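These notes concern the structure reproduced below.
Just so you know, all these numbers are worked out from the coordinates, no wet-lab data involved. Here the structure is a predicted model, which is why all the values come from computation and not from measurement. Counting neighbours? That spans all protein chains shown, and the Cβs are built from the backbone with ideal geometry, glycine included.
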Amino acid sequence: GIWAEVLGIGRVGRNDNFFELGGHSLAILQVQQKLQQILSISLPLRSYFENSLLTDIASVIQGKRLLGFVGHVEHAELMGMSELLDLLES
């Protein structure tokens, strides 16, 4: 997953804290870049500091994706929360 790759660790759990795993502001920028490439999502840096658990940032991303997609694509094209968590963790 994105967090595991950026942090250089084998496995990240859904309730793991980005900063407790060794994350820092430069790592956030790497996560941001990967999310932009994969999901076309951009979040303010403060979102990562305010939502440092993987499950929390996944909720923020899912909310942003739903807001951006309302009325533009069919429901089947939306990535579910479970798939999003899988993408972010390992």
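Points worth noting:
- Distance between the 7 Å Cα→Cβ label points at residue 5 and residue 30: 1.1 nm.
- Put a dot 7 Å past the Cα of residue 20, heading toward its Cβ, do the same for residue 39, and the two dots end up 2.1 nm apart.
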